[in-house]
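**Student:** Got a structure for you, written out below as structure tokens; questions coming shortly.
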Amino acid sequence: MINSATRQGVAESKSENKVGNADLKSELRRQAKVLAEYCATYKGADTKRSTIQVIGTAMVFAALCAGIFFCIEPAPWAIPVLALPAAGFLIRLFIIQHDCGHGSFFQSRFTNDMLGRMISVLTLTPYGFWRRAHAQH
């Protein structure tokens, strides 16, 4: 049987939960605002950063491919050793192509589309078709 003291305790507990929930909601709103402000610094395209990313990635990928080519005769055992990181850099190039398809890698759509088309030759993914099909997500 529930007595009046138990009912009073339950009522106080519910009241404390409302205060606790309000504090939790307030804290979540504050954290969401801090996160949004932090992420805002990455919102737009940064031409300098994008240029460094694409040149650096392409240079390392080209060096690894050249290494594979020059290892065919003297050291065929080195081919799989170089192929694994080359595959990783090819994936990185596809990620850049993906960002170009969304128009987020450079500020200019023309630059995004030209770079996306050039990279698509390496990734064997037709840029224009992929961009239109992928835009549906």
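The values are calculated or read from the model by the stated rules, or taken from the named source; none is laboratory data. Since we're looking at a predicted model, the values are computed, not measured. Because the Cβ atoms are built from the backbone with ideal geometry, glycine has one as well, and the counts that use them run over all protein chains shown.
**Student:** Scanning the range 82-117 for residues that are surrounded by fewer than 15 Cβ atoms within 10 Å (Cβ to Cβ) and polar (S, T, N, Q), which turns out nearest to K43 (Cα to Cα)?
**Tutor:** S104
**Student:** For L115, only one of the following conditions fails: (1) assigned to a helix (DSSP H, G or I); (2) without any contact (Cβ under 8 Å) to a residue 40 or more places away in the chain. What is its number?
**Tutor:** Checking L115 against (1) assigned to a helix (DSSP H, G or I); (2) without any contact (Cβ under 8 Å) to a residue 40 or more places away in the chain, the one that fails is (2).
**Student:** Okay, moving on. Mind counting the residues in the range 24-57 that are farther than 28 Å from F94 by Cα, of a type in the set (V, I, T) and at pLDDT below 90?
**Tutor:** 0
**Student:** Still on this structure: Scan I79, I72 and give me the residue that is touching a helix residue (DSSP H, G or I) at 6+ places or on another chain (Cβ under 6 Å) and more than 21 Å from Y42 (Cβ to Cβ).
**Tutor:** Numbers: I72 fails: touching a helix residue (DSSP H, G or I) at 6+ places or on another chain (Cβ under 6 Å).
Selected residue: I79, the only one of I79, I72 that is touching a helix residue (DSSP H, G or I) at 6+ places or on another chain (Cβ under 6 Å) and more than 21 Å from Y42 (Cβ to Cβ).
**Student:** Pairs please, first residue from the range 87-109 and free of Cβ contacts under 8 Å to residues at least 40 places away in the same chain, second anywhere and buried (at least 19 other Cβ atoms within 10 Å of the Cβ) and basic (K, R), Cβ atoms under 6 Å, 6+ apart in sequence or on different chains.
**Tutor:** G101/R131
**Student:** Tell me whether the range 64-72 contains one or more residues that are within 26 Å of H134 (Cβ to Cβ), in a helix (DSSP H, G or I) and in contact with a Phe, Trp or Tyr (Cβ under 7 Å, 6 or more places away or on another chain).
**Tutor:** no
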